[in-house]
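Structure first, commentary second.
Since every read-out is calculated from the coordinates, none of them should be taken as a lab result. Only a predicted model underlies this, so the values are computations on that prediction, with no experimental measurement involved. Counting neighbours? That spans all protein chains shown, and the Cβs are built from the backbone with ideal geometry, glycine included.
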Amino acid sequence: MIEIKNLSKTFVTPDNTVEALKNINLSVNDGEIYGIIGMSGAGKSTLVRCINMLEKPTSGTVIVNGVDLGSLSDRELRKERSKITMIFQGFNLLMQRNCLKNICFPLEIAGVKKAEAKKRAEELLEIVGLPDKAKNYPAQLSGGQQQRIAIARALATEPKVLLCDEATSALDPNTTAQILDLIRDINKRLGITVIVITHQMSVVESICERVAIMDNGEVAEEGKVSEIFSHPKSLVAKRLVFPDSAETAELAGDEKLIRIIFNGHNSSARPLIAEMALKEGITANICYASTKTISGDLYGNMIIGIPNDEETVKRAMAFLKEENVTAEEV
Amino acid sequence: MYIIADIFSSEAVSEALDILKNDIPKAAWETFYVTALASLFSLILGLPLGVLLVTGSKGGIRPLPAPIMRILDVIINILRSIPFLILMIMVFPLTRLIAGSVVGTVPSIVPLVIAAFPFVARLVESSLREVDPEIIETAQSMGASPWKIVTRVMIPECMPSLISNFTIAVTTILSYTAMSGIIGGGGLGKIAINYGYYRYKHLVMIFAVIILVLMVQIIQTAGTFAAKKIDKRTRH
Ligand SMILES: Nc1ncnc2c1ncn2[C@@H]1O[C@H](COP(=O)(O)OP(=O)(O)O)[C@@H](O)[C@H]1O
Ligand SMILES: [Mg+2]
């Protein structure tokens, strides 16, 4: 379990002071995949770097598996770090070492015997699906493969916690999906707690159970992903969940815009709109739609434009409520 | 007046060839071992100093108090700005202390090292700074100690650059050995100066210089080749 209490971090540089984290309180359960999402500069990396004390917090505590990391000596902290490993956007592999030796690296630091380390590294290559790349150098691998090696390396010391800072941000959507699958698989198989830092809602949506939304050094919103996905409250959350709606609103003209959120209770968006026209006589204009069908159920959101008079809007809202979708005026 | 024809007269040529046979092999060997030893000692002193300049700086993996870093910086700059010819004379007391004498081939190694190690330290510093800070941070996130970061990450990761830079240092030391001929250091420099400058035997000087040039070429080619050969950042 990771507990972050009243955590603040202020950077003081000669020309300015940045409050990167302001009184953060979070707790992450053992074995869960926890997301931390926010726009660039929100303080996500600073937060994750405070979790393994790469960055010393200005105030507050970080407790991982009952150990207050802030209270440890340098030597004790180094030892603890082998249980909290990290992967990065840039992979950060050692370019002059082959893949096998990269995976052996944290074991070398931990003082594990060479032969034992090699054996473990070979197992890990197997786990990440690259058993034939042992002798290859990182430069000879694709981005996705390099991240797999980085994951294997992060797993070498049998950590309890895996921190992923924008680990898929440099990868294409297909590769991203594969890496996320691998992370999910590792979480399930090895029971490792995973913290996923990202600026992409799609990443959180696909693997996280709970998420914290960060904005300007603060946690703007926190909770179950499904909850936040269907009912974003804060402005940042809305902007992350519905990235295109701001532009849509510009286009609206004098129509009333209504956002419809599908939570898997419907099977298709089209009949809903058609039915509204048939039953209520309201013709809606689809301004924006981002939906997908997962095993027959519809998820996502859609923005429709309807004539802007109070009575029509009221009837439309009532109709949508009947239909078991969430609707709100934009 | 010395004209080209004089330099290449049959008399001058046969005399030069004689000297070439008798003196040059020994001189070349002296130049070689002085360069090798001076390079080795410069590396022994310069490498840790270069590492310290990087790890001890603000934001380094083991920051040292700023005044200490400042003093190191100034000392290195001073040593590097003294012309070698003057430095040789200035370090006479030290040379006598270490080598027992101030003239001769072996004693000439002392000023060479004093002149070269600050240069090597700077080159090491610039190579180490090429290492991606994120990779160093990754090693820290795995619990690597500063010593392990230096020996297992920083130095191996910039080895190609270290080799290229050290090659530059070796060729510079080689050219300095020629200067140490003036204060009695042996080698090709001495031959060139003694025969060419004092005794007007220009052909001998030319031979000596050609051999120096060849040595530089060989060292540079080998260094460049080695740096390329060990670099794993290419796709093949
Ligand atoms: N070492 C540092 N020195 C000064 N400011 C920093 C430092 N690290 C981060 N910051 C600042 O803290 C804020 C949060 O940065 P970061 O945590 O990297 O954001 P994110 O990862 O969410 O994009 C930014 O304004 C950034 O400029
Ligand atoms: Mg970041």
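General observations
- Estimated inter-spin distance, A:Asn16 and B:Asp73, nm [label 7 Å along Cα→Cβ]: 2.5
- Ellipsoid equivalent to the protein assembly as shown - semi-axes via the Cα gyration tensor, in Å: 69, 25, 22
- Seen through its C-alpha gyration tensor, with square-root eigenvalues sorted a ≥ b ≥ c, the range B:11-70 comes out prolate because a/c lies at 1.5 or above while a/b is bigger than b/c.
- Shape call, the range A:142-238: gyration tensor on alpha carbons, a/c limit 1.5: prolate
- Label point at B:Ser101 placed 7 Å out along Cα→Cβ; residues across the range B:173-190 whose backbone nitrogen lies under 12 Å: B:184-186
- Taking the longest Cα principal axis of chain A as reference, the axis of helix A:143-155 is set at about 60 degrees.
- Dividing the Cα radius of gyration of the range A:68-191 by its Kirkwood radius returns 0.96 for Rg/Rh.
- Around A:Lys160: net Lys/Arg minus Asp/Glu count, Cβ-Cβ under 11 Å: -2
- Local electrostatic count, A:Leu320, Cβ distance below 14 Å [Lys/Arg +1, Asp/Glu -1]: 0
- Averaged over residues, the count of other Cβ atoms within 10 Å places the peptides A:8-21, B:172-185 in the sequence B:172-185, A:8-21, highest first.
- With the convex hull drawn around the C-alpha atoms of the range A:185-234, the volume per residue stands at 82 Å³.
- Cα-based shape type of the range A:1-80, given that a ≥ b ≥ c are square roots of the gyration tensor eigenvalues and the cut on a/c is 1.5: oblate
- Relative to the dominant Cα principal axis of chain A, helix A:310-322 is inclined by about 50°.
- In straight-distance terms, cross-link reach from A:Lys22 covers every one of the aspartates and glutamates whose alpha-carbon lies under 12 Å from its own, apart from those fewer than eight places away in the same chain; here that gives A:Asp215, A:Glu218.
- Within the shell defined by Cβ-Cβ distances under 13 Å, the residues around B:Thr221 carry a net charge of +2, with Lys and Arg each +1 and Asp and Glu each -1.
- Degrees between helix A:114-127 axis and first principal axis of chain A (Cα, 0 to 90, nearest 10): 20
- Sites A:Ser226 and B:Ile86 - FRET efficiency at Förster radius 60 Å, r taken between beta-carbons, to 0.05: 0.20
- Full extension of the chain between A:Lys292 and A:Asp254 yields a length gain of 10.8 nm, computed as 0.36 nm times the residue separation minus the alpha carbon distance.
- Our note on the geometry: Cα centres of the range A:115-146 and the range B:1-59, 47 Å apart.
- Annotation for the range B:107-162 versus the range A:34-98: alpha-carbon center distance of 25 Å.
- For the cross-link pairs A:Lys238/B:Lys58; A:Lys9/A:Lys79; A:Lys44/A:Lys113, the ones whose C-alpha atoms lie over 31 Å apart are A:Lys238/B:Lys58; A:Lys44/A:Lys113.
- Using Cβ point charges alone (K and R +1, D and E -1), the dipole size of chain B about the Cα centre works out to roughly 520 debye.
- Fully extended contour minus Cα-Cα distance, from A:Ser73 to A:Glu323, at 0.36 nm per residue: 84.1 nm
- Taking every DSSP helix (H) stretch of at least 4 residues in chain A, weighting each as -39,500 (n - 2.57) and dividing the sum by the residue count yields a mean residue ellipticity at 222 nm of -10500 deg cm²/dmol.
- Extent of chain A along its three principal axes (Cα atoms, max minus min coordinate, largest first): 76, 47, 35 Å.
- Set of aspartates and glutamates near A:Lys279 by C-alpha distance (under 16 Å), chain-local residues within fewer than 8 positions excluded: A:Glu311, A:Glu322, A:Glu323
- Equivalent ellipsoid, chain B (semi-axes from 5 times Cα gyration tensor eigenvalues, Å): 41, 22, 12
- Set of aspartates and glutamates near B:Lys148 by C-alpha distance (under 15 Å), chain-local residues within fewer than 8 positions excluded: A:Asp74, A:Glu108, B:Glu137, B:Glu157
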